[in-house]
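Student: Once you've had a glance at the structure underneath, I'll fire off some questions.
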Amino acid sequence: MGKYFGTDGFRGRSGVVLTAEHAFKIGRFLGAYYSKDKDTRAKIVIGKDTRRSSYMYENALAAGITASGSDAYLLHVTTTPCVSYITRTDKFDCGIMISASHNPFVDNGIKLMNGDGEKMEDEVQDLVEDYLDGKTPDPAFATGADIGCTVDYYTGRNRYIGYLTNVATKSFENRKVALDCANGSSWMIARSVFDALGAKTYVINNEPDGINVNEKCGSTHIEGLCEYVKEKGVDVGFAFDGDADRCLAVDENGNVVDGDQIMYITAKYLKKIGQLPSNTVVTTIMSNFGLYKALDRIGIDYEKTKVGDRYVYENMKANDHVIGGENSGHVIFRKYARTGDGILTAIMVMMVLIDTQMPLSALAKEVELYPQVLKNVEVDDKDGTMNDPAVMLQTDACAANLGNNGRVLLRKSGTEDVIRVMAEAKTYEECNKQVDLIIDSIRKSGHLLKVR
């Protein structure tokens, strides 16, 4: 990943790490880049979440795009998967989503998508970074009639709602469903979809004020939805994050059903109805050991990627897999979307509930999630620590100790001098024991600075 753009866009503290000037320059570069070698103006579509700063970045991006002679189409407040869908289906040159996803409101981000609604290619993002760093000259400003237009495109959002309702093949009538919209992008869309499908819809955290996105709500603070589901006696609850590309579920008893369990439930269903042609689920290396044990039992294969839904999608596309995701709730159904889509994920879970006539608790209990312990260790040299013979020897010994009843994992932080040491086992005591043995080997090898 580059200096500014990580696995999920350019993200940071609004006005500090990510400024309005950054947004203007990104818009200016993209407007020029996509209009070169074209006889017509480039078209770039923009969506945003509910953060106060999102309006500032929307205006700055549109100004940069139009200043370069391209047209900016504004979807206004909408979800990341909506921008992806509209970029692809309405044949835009690229799409931009303004959001910091599950981060607090003080942060924001700019996510870039190519014309297929997929995450932007690294080589194009590298060109954007070079321009931000002054390594390439400014594009010429458009003048006169060549200046671009800003177009209100809220109708695109409505088409996305229609698309989602058409994915479901059965009515949700008589189903009581609770939705936690995290005071974010889904606050209008999610209810519209579930109402249209006939559900009795209960919605919480759907009053965004610019600063309450993800605040003690949504998929990162799901405890409120758990209590709400029990209080209202609904059949199921779904929690989204700020830009609604994540979804976690809550069963009828108020228990959380995470992304790993959702992948298992939906993959098993897809196999049953003959829609899992490669018989494979794509996960990241952070998926729970219990998911793999459950998939083994029902004869579904799996592949593992680096952490990041970007890598999950790349694997799915390269190998023609149809389902993949992360335990955090990014679940990708490639037949329908090019990115994680929280509302689509909720629809797919609903389809399983209706078709099987089973409660979510019964479907989810087939995945016995193993306890997991993760500790962050500051070190003097990440690569030196990972390749230290004593550390490697102890890591292998811990893995052997757990055998088929767990696993250990060491992973480098992408932004800090930190090694993440993780263990999964039958008990938290066993997890802590194995993690501490590995950390002790890092200490004895002289690499340890601090355990966080």
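The values are calculated or read from the model by the stated rules, or taken from the named source; none is laboratory data. Quick caveat: nothing in here was measured; it's all calculated off a predicted structure. For neighbour counting, all protein chains shown are included, and Cβ atoms are generated from backbone atoms with ideal geometry for every residue, glycine included.
Student: Working only within region 161-176, note down all residues that are over 20 Å from the mean Cα position of the chain (by Cα) and crowded, with 23+ Cβ neighbours inside 10 Å.
Tutor: Residue satisfying the conditions is F172 alone.
Student: In region 364-381, how many residues are within 28 Å of V167 (Cβ to Cβ) and in contact with a Ser or Thr (Cβ under 7 Å, 6 or more places away or on another chain)?
Tutor: 0
Student: Residues in region 379-391: is at least one under 30 Å from N255 (Cβ atoms), buried (at least 16 other Cβ atoms within 10 Å of the Cβ) and aliphatic (A, V, I, L, M)?
Tutor: No: zero hits.
Student: Which one is surrounded by the most Cβ atoms within 10 Å (Cβ to Cβ) among residues in region 131-160 that are hydroxyl-bearing (S, T, Y) and part of a helix (DSSP H, G or I)?
Tutor: Y160
Student: Got a number for residues in region 106-120 being farther than 18 Å from K43 by Cα and surrounded by fewer than 18 Cβ atoms within 10 Å (Cβ to Cβ)?
Tutor: Here the count works out to 1.
Yes/no matrix, rows are residues, columns are (1) in contact (Cβ under 8 Å) with a residue 40 or more places away in the chain; (2) touching a Lys or Arg at 6+ places or on another chain (Cβ under 7 Å); (3) of a type in the set (S, T, N, Q); (4) within 21 Å of K335 (Cα to Cα):
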residue: L61; (1), (2), (3), (4): yes, no, no, no
residue: A72; (1), (2), (3), (4): yes, no, no, no
residue: D130; (1), (2), (3), (4): no, no, no, no
residue: T150; (1), (2), (3), (4): yes, no, yes, no
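Student: Still on this structure, please answer the following. For region 258-317, what are the residues that are more than 14 Å from the chain's Cα centre (by Cα), outside any helix (DSSP H, G or I) and of a type in the set (V, I, T)?
Tutor: I273, T280, V281, V282, I285, I300, T305 - these are the residues of region 258-317 that are more than 14 Å from the chain's Cα centre (by Cα), outside any helix (DSSP H, G or I) and of a type in the set (V, I, T).
Student: Could I ask something else about it? With assigned to a loop (DSSP other than H, G, I, E, B), outside the structural domain of G9 (by TED's automatic domain parsing), buried (at least 20 other Cβ atoms within 10 Å of the Cβ) and among the small types (G, A, S) as the only criterion, which of G210, G242 stands out? Steps first, answer last, please.
Tutor: Values: G210 fails: buried (at least 20 other Cβ atoms within 10 Å of the Cβ).
Step by step, each of G210, G242 is checked, and only G242 is assigned to a loop (DSSP other than H, G, I, E, B), outside the structural domain of G9 (by TED's automatic domain parsing), buried (at least 20 other Cβ atoms within 10 Å of the Cβ) and among the small types (G, A, S).
Student: Then there's this: Within region 397-420, is there a residue that is of a type in the set (S, T, Y) and either in the same structural domain as L291 (by TED's automatic domain parsing) or surrounded by fewer than 16 Cβ atoms within 10 Å (Cβ to Cβ) (or both)?
Tutor: Within region 397-420, one or more residues are of a type in the set (S, T, Y) and either in the same structural domain as L291 (by TED's automatic domain parsing) or surrounded by fewer than 16 Cβ atoms within 10 Å (Cβ to Cβ) (or both).
Student: Could I ask something else about it? Which of the residues belonging to region 78-107 are of a type in the set (V, I, T) and in a loop (DSSP other than H, G, I, E, B)?
Tutor: Once the filter is applied, which keeps residues that are of a type in the set (V, I, T) and in a loop (DSSP other than H, G, I, E, B), region 78-107 yields T78, T79, V106.
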